[in-house]
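Report on one structure; see the data block that follows.
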Amino acid sequence: MSTLSELIRSKGRAVSADIEWLHLLISDWQLVADLVFADLVLWVPTKEGGFVAGGHARPSSAATIFYRDIFGEEIRKEWLAPVHEAFTTGKAVDVNVQSSDGIKTRLSAIPVRRRLSTKSDEATEHPIAVITRHTNLSEAKAPNRLQLNYLGCGNDLLAMVADGAYPDFSNPTGPRRGAPRANDGLLRLDVDGNVTFASPNGLSAFNRLGILGELEGKSLATAATPVLKGRNVDESLPLVLTGRAPWRTDMESRNVTLTVRAIPLKSHDERIGAIVLCRDVTELRRQERELITKDATIREIHHRVKNNLQTVASLLRMQARRSKSEEVKENLDQAMRRVSAIALVHDTLSEGLAQDVNFDEVFDRILMLAAEVASSMNTSIKTLMDGRFGQLRSEIATPLAVALTEIITNAVEHGLADRSGVVAVNAERKQKQLLITVSDNGKGLPDGQVGSGLGTQIIRTLIEGELRGSIHWSSPHEGGARVAISIPL
């Protein structure tokens, strides 16, 4: 099974709300594994009364016990009793276990409860799963101060898991670069927001921000105030720095940017303090600003190209109006429409960050150009569209827009000249191919042959040359003309 949801639906017995909670837990339990220096395994109950591994987190702060992922495996016999006891009693169970390769480990089975709703402080009475914590006893040694504080934070989080208080519904779930981990920098706050412990990396990060001296024994919010004075800060920052809200935000000084995340610690639904994680993301934010600037520059370039092309189209229109030759007027009008079709693509690119084009929007405007051609010829047409083009790369969108403009205007000017009719377009998007059909109910191809004019040459060059596709003209028995295009994607 590739996902937790599929595994539970196949073998487990959890309801949808339980599955969502377990997904939320797994998305945030790597921090716990790092803090307790141990492997964590999530066990979900099966329909047969056993347990199956629904997740596995290896610590980045210690060596893993399991070199192979055990996701999807049935529970081992030596683990079944403590896991079953934790699941049935709702209480944590600790036992010492010796593996087949002689490694002595301490196994802690922690029940997992789910908070009933976003507004409720109550959790499910019965556990919905069990987490086992596997600590390697053969490498155990006297812990230092940093390890003791890490273990204390990790144990508090596991106790919150058993109470249904962790993870928190209020945790930000949106993706953002620079999410801090324990080893990036960790501070522990008491219930009043005072720092009781600051890891070396955490202290260094805040020192680089501009907060001088030690942090322990000080209010983090008070210590940060002089550095942030006069700067625009996120309105959630005071709640983060006091540990009152499970949120993540950025702190900026003149040269340094820290991303800071707070995790309130609770015991029996009473706040007892908080963990504050921090990471220096100065370089990441600088790169993001450069990308935003480049994106804005690219959009501005497309906007100016579009404006210049529209100016060229206007000049061609003016020149056509001044000409006394009908042939020259027609040629200039055709050139104007080709330039306008290219301008449509650049106009679309100037409106978004991606260099992909929603070609359905572009094609809607191409059909408007066809309507203008029909009105100039004192005729009326009806356009029908079936299917969708979808997102196309700009290097495909530009030649395709010009080619379709030529095909549709040819249908209007030649096939439907002096008569009302219908132009129908069908687009079929496949995984590696785009199929397009343009048909009309007009005069059809003269003698069943395709013309050799400039428009036909342009269409062939763009479809077969630039796009490496194929194009086929035909006259169906029921009349009119049909153009079939195939383009590789």
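Worth a mention:
- This model, with +1 at the C-beta of Lys and Arg and -1 at the C-beta of Asp and Glu, gives the stretch 381-489 a dipole about its Cα centre of some 360 debye.
- Using a cutoff of 8 angstrom between alpha carbon atoms and counting only pairs six or more residues apart, the relative contact order for the stretch 53-144 works out to 23 percent.
- Of all DSSP-defined beta bridges confined to the stretch 381-489, some 75% are antiparallel rather than parallel.
- Each of ASN441, LEU384, HIS477 was scored by the projection of its Cα onto the charge dipole of the stretch 381-489, and the greatest displacement toward the positive side belongs to LEU384; charges sit on the C-beta of Lys, Arg, Asp and Glu.
- Put a dot 7 Å past the Cα of ASP250, heading toward its Cβ, do the same for SER170, and the two dots end up 2.4 nm apart.
- Theoretical gain in end-to-end length, THR461 to ASP192 [0.36 nm per residue, Cα-Cα removed]: 89.6 nm
- For the stretch 282-353: relative contact order, % (alpha-carbon pairs under 8 angstrom, 6 or more apart): 45 percent
- Inter-label distance, LYS432 to ALA81: 5.8 nm, where each label sits 7 Å from its Cα along the C-beta direction.
- A simple spin-label model places the labels of LYS324 and ARG388 5.4 nm from each other, with each point 7 Å out along Cα-to-Cβ.
- Cross-link pairs LYS306/LYS382; LYS47/LYS91; LYS104/LYS141; LYS91/LYS218; LYS47/LYS77; LYS47/LYS104 - those with Cα-Cα distance over 25 Å: LYS306/LYS382; LYS91/LYS218; LYS47/LYS104
- With contacts taken as Cα pairs under 8 Å and at least 6 residues apart, the chain reaches a relative contact order of 8 percent.
- Straight Cα distances below 20 angstrom link LYS266 to the aspartates and glutamates ASP28, ASP34, ASP121, GLU122, GLU125, ASP156, ASP163, ASP168, ASP190, ASP192, with same-chain residues fewer than 8 positions distant left out.
- Placing a label point 7 Å from the Cα of SER10 along the Cα-to-Cβ direction, the residues of the stretch 40-67 whose backbone N falls under 20 Å of that point are 41-57.
- Signed unit charges on C-beta, dipole axis of the stretch 159-311, positive-most listed residue LEU277, GLN310, LEU203: GLN310
- Helical runs (DSSP H, four residues minimum) scored at -39500 (n - 2.57) apiece and divided by the length of the chain put the mean residue ellipticity at 222 nm at -12500 deg cm²/dmol.
- Under 16 Å from a label point set 7 Å out along the Cα-to-Cβ vector of MET368, the amide N atoms of the stretch 304-321 belong to 306-307, 310-311, 314.
- Overall Cα dimensions of the stretch 213-300, principal axis frame, Å, largest first: 55, 30, 19
- Zone of THR88's modelled label, taken as backbone nitrogen in the stretch 126-149 under 19 Å from a point 7 Å along Cα→Cβ: 126-132
- Angle of helix 77-89 to the longest C-alpha principal axis of the chain, folded into 0 to 90 degrees and rounded to 10: 90°.
- Space enclosed by the convex hull of the alpha-carbon atoms of the chain, per residue, Å³: 218 Å³
- Amide hydrogen neighbours beyond the local backbone of THR257, cut-off 5 Å, H modeled: VAL281, THR282
- About the Cα centre, charge dipole magnitude for the chain (Lys/Arg +1, Asp/Glu -1 at Cβ), debye: 660 debye
- Fraction of beta bridges assigned by DSSP in the chain that are antiparallel (%, nearest 5): 90 percent
Coordinate-derived values only; no laboratory data. Just so you know, these numbers come straight off a predicted model, no measurement behind them. Reconstructed Cβ throughout: ideal geometry from the backbone, glycine too, with neighbour counts over all protein chains shown.
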